[in-house]
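**Q** Encoded as structure tokens, here's the structure I'll be asking about.
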Amino acid sequence: MLRHIFILFAIFALGSISGCTNIGGASKSATSLTNFLGFSELPKWYITSRYSYPDSQFRTNDFGLPVHFRDVGEGETIVLLHGELSSLHTWERWVEILRQEFRVVAIDLPGAGITGAPKCISNPKKHCPENLSQDYISHTLTYLIEDLNLRNFHLVGASYGGYLASRYAINNPDRIKSLTLISPLGMQQEPPFIVDYLVDSSTVSKFFQPATIATTIADDFYGTPERITPASLQRYLHLLQAPSAKKTNVLQAEMVHELMLNGTTASFADIQAPSLIMWGNRDKWGRFDHAQRWVDAIPNSMLVEYKGVGHLSMEEHPEDSAYDLIAFINDEPLPTIEGLGRDAFTIQDAVDSLGDKEALFGPNLETMEDIDSE
């Protein structure tokens, strides 16, 4: 009887979410019907074998949870913190670029990615997802930074990870060389639909979550959902259906929900490090007008806007945002602000800006449009 009730609820959930998500993508990404309907979990071995890297490392926190991270490259250290309902995989292209010049540490925070749900204190072989909290995540972050003996590093955080990064910078000003926040949470706003949905249906959602929830989250993170690749969509679904992930997904949504409704009491004016705020102007999770509020709140800060980009600039617009970060760290002009970004200046712009083009190139000059049409 109870199973029939859950099946009916699953069908209702699929119907209520179907208007704002990619059901086709959800069905293609799911590994089975029960996975699509949100009843089953993917085994730990599958998650680890499929989504770990050759350079993946693990350090066990003081609560018995092995924390997954990547530590690659040489040079000044950059620490990367992903946001809610995401994982360190969101930084994949950034890591490829940044490791050429820097040491890069990307962390799967508790409740996410391969790190997964917290372990039980009494029995570290079992999961206790109910132990997940902001304090638990922040404590684990501090523990790992201490364990890796990181000093004078550049800290980057996205979304809820941006909020955590800002709190860390306030509490540890002597450790932070620079701070970069990508669409950080912290200001009051209305929560996105899917956050409200997970919170309002938490009693049932802790036990099953249709695949459309994951695809809705992924689509909402992008300013242009068509840019998300099938592989990325599948990764979001699989990692959000890891062991005990349903409960930690709800807990993450509840933490975000509370922060969005009430805002933070943190004093961003206490941040001493030079700070860069990155924000896509099509952000559906963090209001774009909050970008200037963050710049106004942090004393030594600047803003770079990515047009047509959503909540995760580093995933949807990785090259330009990565090279902006490099320029910021090196105290150089940011390519995007200087009009040198990928979408900011084209060869055709250069040709059009010339005066007498026929005198320079002859009467048979082709435009870029002519060339593209051939």
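The values are calculated or read from the model by the stated rules, or taken from the named source; none is laboratory data. Everything numeric here is computed off the predicted structure, so don't read it as measured data. Because the Cβ atoms are built from the backbone with ideal geometry, glycine has one as well, and the counts that use them run over all protein chains shown. Surface accessibility is based on the protein's heavy atoms, side chains included, excluding ligands, DNA and RNA. Shrake-Rupley method; radii C 1.70, N 1.55, O 1.52, S 1.80 Å.
**Q** Give me the orientation-averaged projected area of the Cα convex hull of the range 205-313, in nm², one decimal.
**A** Average projection, Cα convex hull of the range 205-313: 8.0 nm².
**Q** Here's another thing I want to ask about it. Which lysines, if any, have their Cα less than 28 Å from the Cα of residue 206, not counting same-chain residues under 8 positions apart?
**A** 28, 44, 119, 125, 126, 246, 247, 284
**Q** So for the range 227-319, averaging the separation of alpha carbon pairs under 8 Å that are six or more residues apart and normalising by length, what relative contact order in percent results?
**A** Relative contact order, the range 227-319: 26 percent.
**Q** In terms of modelled amide H atoms, which long-range or inter-chain residues lie less than 5 Å from the amide H of residue 301?
**A** Sorted by chain and number, the residues that satisfy this are 275.
**Q** Semi-axes, largest first, in whole Å: what does sqrt of 5 times each Cα gyration tensor eigenvalue give for the range 151-235?
**A** 30, 17, 12
**Q** Given R₀ = 30 Å, FRET efficiency for residue 149-residue 300 by Cβ-Cβ distance, to 0.05?
**A** 0.65
**Q** From the phi angles alone, apply the Karplus equation (6.51, -1.76, 1.60; θ = phi - 60°) to the range 214-227 and give each ³J(HN,Hα) in whole Hz, x where the residue is Gly or Pro.
**A** Here the 3J(HN,Hα) series is 5, 6, 5, 4, 4, 4, 5, 5, 9, x, 10, x, 5, 6 Hz.
**Q** Please give the length that would be gained between residue 207 and residue 338 if that part of the chain were fully extended, namely 0.36 nm times their separation in residues minus their C-alpha to C-alpha distance (nm, one decimal).
**A** Difference between extended and current length: 42.2 nm.
**Q** Short version: ³J(HN,Hα) in whole Hz for each residue of the range 134-145, in order, from phi by Karplus 6.51 cos²θ - 1.76 cosθ + 1.60 (θ = phi - 60°), x for Gly and Pro, what are they?
**A** Running phi through 6.51 cos²θ - 1.76 cosθ + 1.60 with θ = phi - 60° gives 4, 5, 5, 5, 5, 4, 5, 4, 4, 4, 5, 4 Hz.
**Q** How far is it, in nm, from the label point at residue 133 to the one at residue 76 when both lie 7 Å from their Cα along the line to the Cβ?
**A** Calculated label separation equals 3.7 nm.
**Q** I've got another one for you. Hey, any idea what % of the range 34-154's accessible area is carbon plus sulfur with a 1.4 Å probe?
**A** 49
**Q** Also: Can you give me the distance in nm between label points at residue 171 and residue 258, each placed 7 Å from the Cα along the Cα-to-Cβ direction?
**A** The two pseudo-label positions are separated by 1.5 nm.
**Q** Pop out the ³J(HN,Hα) list for the range 48-63 in order, Karplus 6.51 cos²θ - 1.76 cosθ + 1.60 with θ = phi - 60°, rounded to Hz; leave Gly and Pro as x.
**A** The phi angles translate into 5, 5, 7, 10, 7, 10, x, 9, 4, 10, 9, 10, 7, 6, 7, 10 Hz.
**Q** Moving to a separate point now. With r as the distance between the Cβ atoms of residue 269 and residue 49 and R0 = 56 Å, compute the FRET efficiency 1/(1 + (r/R0)^6) and round to 0.05.
**A** FRET efficiency, residue 49 to residue 269: 0.75.
**Q** Mind listing the long-range amide H neighbours of residue 81? Cut-off is under 5 Å, sequence gap 5 or more, other chains count too, H placed in the peptide plane at 1.01 Å from N.
**A** 156, 157, 158
**Q** Right, something else. With a Förster radius of 35 Å, plug the Cβ-Cβ distance of residue 125 and residue 96 into 1/(1 + (r/R0)^6) and report the FRET value to the nearest 0.05.
**A** 0.50
**Q** With every protein chain present, what is the per residue accessible area of the range 165-316 (1.4 Å probe, Å²)?
**A** 35
**Q** If I model a spin label as a point 7 Å beyond the Cα along the Cα-Cβ vector, how far apart are those points for residue 58 and residue 226 in nm?
**A** So the two model labels end up 4.2 nm from each other.
**Q** Here's a follow-up. Could you tell me what percent of the accessible area of the range 228-345 is made up of carbon and sulfur, with a 1.4 Å probe and every protein chain present?
**A** Accessible surface attributable to carbon and sulfur in the range 228-345 totals 49 percent.
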